[in-house]
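Below: one structure, written as structure tokens.
The values are calculated or read from the model by the stated rules, or taken from the named source; none is laboratory data. Since the model is a prediction, treat every value here as computed from it, not as a measurement. Don't worry about glycine lacking a Cβ; one is built from the backbone with ideal geometry, like all the others, and counts go over all protein chains shown.
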Amino acid sequence: MSISDRVIAIIAEQAVLEPSDVTPDSTLEDLGIDSLGLVESIFAIEEEFDITVPFNANEPNSTDFDISNVAAIIAGIEKLVSEKV
């Protein structure tokens, strides 16, 4: 399973949706994921990939990690995973 598929599966689980309902253009708001859901998604992604996502739940706009849509999240995770190697 690719990084993209794994990230989408985690986000879909958090949103209580099927992975097929999550598109790259989907925003977290579109998917019904609130701030707590976002934090839980970030924790699940960190655990899945053994990475640390530079995200501050108290100041979500003060980071370089883009959470504007699913594609941006996937790109950020792919970058963090590639830097880990």
Here is a list: Ala44, Ala15. Which entry is surrounded by 14 or more Cβ atoms within 10 Å (Cβ to Cβ), over 22 Å from Val81 (Cα atoms), of a type outside the set (S, T, N, Q) and without any contact (Cβ under 8 Å) to a residue 40 or more places away in the chain? Ala15
I'd like the full set of residues that are in contact (Cβ under 8 Å) with a residue 24 or more places away in the chain and over 12 Å from the mean Cα position of the chain (by Cα), limited to segment 18-30. Thr23, Asp25
Top-ranked residue in segment 34-80 [being charged (D, E, K, R) and part of a loop (DSSP other than H, G, I, E, B); ranked as farthest from the chain's Cα centre (by Cα)]: Glu59
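Among Thr52, Thr63, which is the only one that is β-branched (Val, Ile, Thr), under 21 Å from Leu80 (Cα atoms), modelled with pLDDT under 95 and surrounded by 13 or more Cβ atoms within 10 Å (Cβ to Cβ)?
Residue meeting the stated conditions: Thr63.
Do the conditions hold for Leu28, that is, is it part of a helix (DSSP H, G or I) and either at pLDDT below 95 or surrounded by fewer than 16 Cβ atoms within 10 Å (Cβ to Cβ) (or both)?
Working: part of a helix (DSSP H, G or I): no; either at pLDDT below 95 or surrounded by fewer than 16 Cβ atoms within 10 Å (Cβ to Cβ) (or both): yes.
So Leu28 fails the test.
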Considering segment 31-41 alone, what residues qualify as being surrounded by fewer than 16 Cβ atoms within 10 Å (Cβ to Cβ) and among the small types (Gly, Ala, Ser)? Gly32, Ser35
Residue list for segment 32-52, filter: farther than 13 Å from Val7 by Cα and in contact with an Asp or Glu (Cβ under 8 Å, 6 or more places away or on another chain): Thr52
Would you mention how many residues in segment 13-25 are in a helix (DSSP H, G or I) and either charged (D, E, K, R) or within 13 Å of Ile73 (Cα to Cα) (or both)? 2
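Checking the condition in contact with a helix residue (DSSP H, G or I) (Cβ under 7 Å, 6 or more places away or on another chain) and of a type in the set (Asp, Glu), which residue from Glu47, Glu18, Glu59 passes?
Unique residue meeting the criteria: Glu18.
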